[in-house]
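Worksheet: one structure, shown below.
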Amino acid sequence: MKNRLIDGIEVQRGSGNVYADLGLPDAEKLKIKTGLVIEIRKAMRSLGLTQLEAGQRMGLTQPKVSAMLKGDFSNLSERKLMDCLNRLGYDIEIKVKSTRAQIGHLTLAVA
């Protein structure tokens, strides 16, 4: 990637996945989990749910909901996060298609 100088600071355009840019393992999974948690937060707001109420609907304790919303979702699988969204009244569709690349990748698309 080409670097640029902005106000004397060298800047590099990101890849679209901050976890990959930081060189973290399982960057694709972390990006997907983050996207799911963002949608859970949006759902809670639109439904007007407290952490306790949301936790009861999602099958989580309030402290786990609090930790998840603060970015600690390492103990929650992608499947569990999808289940949380289902329990908040959201449908999830998974689309599988072939790719020209040797290895495919995961993408989260929100409608």
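A few remarks follow.
- The single residue among L52, L36, L85, L69 that is hydrophobic (A, V, I, L, M, F, W, C) and over 30 Å from G14 (Cα atoms) turns out to be L52.
- Enumerated helices (runs of 4 or more DSSP H) restricted to the range 1-101, each holding at least 2 residues that are in contact (Cβ under 8 Å) with a residue 40 or more places away in the chain and buried (at least 16 other Cβ atoms within 10 Å of the Cβ): 27-47, 78-87
- A single member of L69, L76, L88, L81 is out of contact with any Phe, Trp or Tyr (no Cβ under 6 Å at 6 or more places or on another chain) and over 11 Å from V37 (Cα atoms), and it is L88.
- For the range 10-26, the candidate set comprises residues that are at pLDDT below 85 and among the small types (G, A, S); within that set, the residue that is nearest to F73 (Cα to Cα) is A20.
The values are calculated or read from the model by the stated rules, or taken from the named source; none is laboratory data. As the structure is a computational prediction, the values presented were derived from the model and not from experiment. Ideal geometry is used to build each Cβ from the backbone, glycine not excepted, and the neighbour counts take in all protein chains shown.
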